[in-house]
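All remarks here apply to the structure that follows.
The values are calculated or read from the model by the stated rules, or taken from the named source; none is laboratory data. Model, not experiment: these values are computed from the prediction. Methodologically, a virtual Cβ is constructed for each residue, glycine included, from the backbone with ideal geometry; neighbour enumeration extends over all protein chains shown.
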Amino acid sequence: MTRNTVPTLHGDIMTTNTPGTDPAPNPHATEEQVKAALEDTKLAQVLYHDWEAETYDDKWSISYDERCIDYARGRFDAIVPDAKLPYERAMELGCGTGFFLLNLMQSGVAKKGSVTDLSPGMVKVALRNAENLGLDVDGRVADAEKIPYEDNTFDLVVGHAVLHHIPDVELSLREVLRVLKPGGRFVFAGEPSTIGDFYARWLSRATWYATTNLTRLAPLNDWRRPQEELDESSRAAALEAVVDIHTFDPDDLAGIARKAGAAKVETATEEFAAAMLGWPVRTFEAAVPPEKLGWGWARFAFGGWKRLSWLDEKVLRKVVPPKFFYNVMVTGTKPAA
Ligand SMILES: C[S@@+](CC[C@H](N)C(=O)[O-])C[C@H]1O[C@@H](n2cnc3c(N)ncnc32)[C@H](O)[C@@H]1O
């Protein structure tokens, strides 16, 4: 059995090699642990994502209904339009609460799934979500740089918004190819492009600054979140800076995948105008009390994102270079034996 190393909440490394011995979630990190995590990106991943796990679906408006099934399937089809479905056995790296794989499975992409994540809290929530949906899914706490599965196990490996957190992306893709069967495919979506990340961060910072200052004014005071909640968000943002390690130029990412040994590598990008709306919207939602934003806001946010995504695909794609779009996707296959 392949062995897997996972950083514990005390900053040292523990070894797990048997299903059922995965470490338990720790949603309440101490100040000492947070301090240690500022120097240790994998410890930061575990603390940050264990802390977020139970509220993650709400925070990112993740659901397991038609809206997110269509979104997940849309990302998959955008990079592998001609896949022969369903895959027999699929695995997700950095699954979080299971958004990508569970919704892909609901859309008919794979029959059996395995969810994996460095954060025990995330694996627990992903398995609970899978059980509620009646899907055939097992799960492991796993570091993407040392995947605890045998060689040639899976037909498909997927990931969403995970590669940019992994210190050695090439090593991780080598691991992905090791656990894929010959001819098997990987699909990673939702990675930040280097240019996209630059404008998204500036738009988010400006929105946070404007919202948290304007809501100090008396007439807007009831739109201000309690100071301790804003402070907690700022602490989370400090950890976020430690966990977000990379941004990608699409051609560089394709190069890393080829160097890891992948065949038939392709990349695609999406969301330009849509990202310019999406990031300020998400930041605004985090800066004001959630009860202030009703269905009208949700309709505006989702409707606006859909309309701008249409504009991106039908118009801007023809004039804006791919590397200016925010989301990068990459796919490739394990060469046949
Ligand atoms: C931004 S979240 C995305 C979660 C989910 N894929 C989604 O799209 O909602 C990144 C996830 O990757 C996990 N992660 C970070 N580094 C990892 C690593 N080295 N190995 C496995 N998972 C990792 C985190 O714990 C977290 O759950």
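Total residues in the stretch 164-179 satisfying the condition of being more than 9 Å from the ligand (Cβ to nearest atom) and of a type outside the set (Asp, Glu): the figure is 8. A Cβ distance below 9 Å, combined with a sequence gap of six or more or placement on separate chains, defines the contacts here; from the stretch 98-109, residues that are surrounded by fewer than 24 Cβ atoms within 10 Å (Cβ to Cβ) reach residues that are assigned to a loop (DSSP other than H, G, I, E, B) and among the aliphatic types (A, V, I, L, M) in the pairs Gln106/Leu135; Ser107/Leu85; Gly108/Leu85.
Looking at the structure I just gave you, is Ala237 modelled with pLDDT under 95, under 19 Å from the mean Cα position of the chain (by Cα) and loosely packed, with under 13 Cβ neighbours inside 10 Å? When the stated conditions are applied, Ala237 does not pass them. Annotation: of all residues in the stretch 21-62 being within 11 Å of the ligand (Cβ to nearest atom) and charged (D, E, K, R), the one that is surrounded by the fewest Cβ atoms within 10 Å (Cβ to Cβ) is Lys59.
Does Ser107 satisfy being hydroxyl-bearing (Ser, Thr, Tyr) and over 13 Å from the mean Cα position of the chain (by Cα)? So Ser107 passes the test. Checking Arg140, Arg128 one by one, the residue that is assigned to a strand (DSSP E or B), under 23 Å from Asp50 (Cα atoms) and out of contact with any Leu (no Cβ under 8 Å at 6 or more places or on another chain) is Arg140 and no other. Quick one: would you say Met105 is more than 9 Å from the ligand (Cβ to nearest atom), in a strand (DSSP E or B) and touching a helix residue (DSSP H, G or I) at 6+ places or on another chain (Cβ under 9 Å)? No, not satisfied.
Of the residues Thr15, Thr2, the single one that is farther than 19 Å from Met122 by Cα, of a type in the set (Ser, Thr, Tyr) and at pLDDT below 80 is Thr2. Exactly one residue out of Ser193, Ser172 is at pLDDT 95 or above, over 26 Å from Pro335 (Cα atoms) and among the hydroxyl-bearing types (Ser, Thr, Tyr): that is Ser193. Kindly indicate which of Ala206, Ala130, Ala189 is hydrophobic (A, V, I, L, M, F, W, C) and surrounded by fewer than 21 Cβ atoms within 10 Å (Cβ to Cβ). Result of the check over Ala206, Ala130, Ala189: Ala206.
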